[in-house]
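The values are calculated or read from the model by the stated rules, or taken from the named source; none is laboratory data. Predicted model, so just to flag it, every value in this text is computed and none were measured. A quick note on method: Cβ atoms are made from the backbone with ideal geometry, for glycine too, and the neighbour counts reach across all protein chains shown. In case anyone asks, the SASA skips ligands and DNA or RNA and just uses the protein heavy atoms, side chains included. Shrake-Rupley method; radii C 1.70, N 1.55, O 1.52, S 1.80 Å.
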Amino acid sequence: MRQDDRGPYDRALYPARLAAYPAGEFVGQESFMTAGEIRALAVRAGIGPGVTVLDLCCGIAGPGRWLTQELGCAYLGVDASASAVAIARERAGDLPCRFATAQIPPLPPGSFDVVLLLETMLAFEDKAALVGEVAAALRPGGRFAFTLEEGSPLTAAERAAMPNADTVWLTPLREMAACLERAGLVVTHQEDHSAAHRATAQALAAAFAADAEAIAAHIGRRALDELLASHRLWIEWLDQGRVRKLALVAERVRGRPA
């Protein structure tokens with residue numbers, strides 16, 4: 001399997017993901033968020049008709065495509081995976097969505113009303129660099145809507161246990177708040193989804209285990225084992241309070257250059 005080949009993963013995991021979420025709550029997301037949580041965060045950030053939205057690390061853009069259809073925004077999704085962007089572009093059909101393949105940061109040129117970053121803040125070790133770019137991309141009064149895996153950095157033992165630990169960089173909330181403030185962004189909304197995401201992670205792990213043979217046939221046994229191991233760790237950490245899952249909106253202060 002090619003390193004950048006999201007098709008087999010999408011095909012393999014789709015039935016289990018669809019089964020894991022309550023009816024109407026799966027919209028193609030590759031995360032623990034429900035459709036209701038995605039929409040609530042988008043509305044809180046002011047996404048609506050004509051609002052320009054930059055969706056970072058969009059993946060196959062299930063949430064982005066759905067928000068475009070539901071709320072009528074002007075949408076640009078960006079991801080480093082060419083195969084994920086190809087899937088997103090194909091599934092967008094006639095929706096007024098645009099997509100680009102790019103490493104982040106830097107961000108695409110232009111200014112936006114809203115920047116979205118759903119379930120991927122943990123992948124950025126240098127969060128200050130990312131947040132600075134986001135602030136520069138927002139118009140005055142623009143909003144940064146994102147989710148945060150909140151907690152102290154992983155220990156050496158935790159990093160050894162977590163598959164792909166080089167993409168798991170937890171951050172204490174106080175550090176993220178300070179980072180936002182330095183960039184001229186003020187938190188206007190914060191909501192804790194830890195309990196809900198623990199339940200979603202449990203449901204996904206159970207669905208993946210139940211469909212293990214079919215999933216392994218598409219992506220291989222090792223990839224399946226790593227998928228299950230990572231979900232079990234997230235369940236444990238969320239259950240113990242080792243990690244909190246937060247949804248936040250931060251607004252760019254008017255009159256202050258980014």
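Computed values, structure above
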quantity	calculated
Heavy-atom accessible area per residue - the stretch 8-134, 1.4 Å, Å²	40 Å²
Whole-number accessible area per residue in Å² for the stretch 214-258, which is evaluated in the context of all protein chains at 1.4 Å	51 Å²
Per-residue ³J(HN,Hα) for the stretch 101-118, Karplus 6.51 cos²θ - 1.76 cosθ + 1.60, θ = phi - 60°, Hz, x for Gly and Pro	9, 6, 6, 10, x, x, 8, x, x, x, 10, 9, 7, 9, 10, 9, 8, 9
The chain: C-alpha pair distances exceeding 26 Å, %	38 percent
Segments 218-230, 143-155, 59-71 sorted - mean Cβ within 10 Å per residue, highest first	59-71, 143-155, 218-230
Cα gyration tensor, the stretch 79-210 - rounded (a/c under 1.5), prolate or oblate	oblate
Length-normalised contact order for the stretch 42-141 - Cα pairs under 8 Å, 6+ apart - percent	29 percent
Rounded to whole Hz, the Karplus (6.51, -1.76, 1.60) HN-Hα couplings of the stretch 131-137, x for glycine and proline	4, x, 5, 4, 4, 5, 7
Share of carbon and sulfur in the accessible heavy-atom surface of the chain [1.4 Å probe, %]	52 percent
Cα gyration tensor, the stretch 1-58 - rounded (a/c under 1.5), prolate or oblate	oblate
VAL43, VAL134, reordered so the largest accessible area comes first (probe 1.4 Å)	VAL43, VAL134
Amide proton proximity set for LEU138, modelled H, under 5 Å, gap of 5+	PHE112
J(HN,Hα) series, the stretch 246-254, from Karplus relation 6.51 cos²θ - 1.76 cosθ + 1.60, nearest Hz, glycine and proline x	10, 10, 9, 10, 10, 9, 6, 5, 5
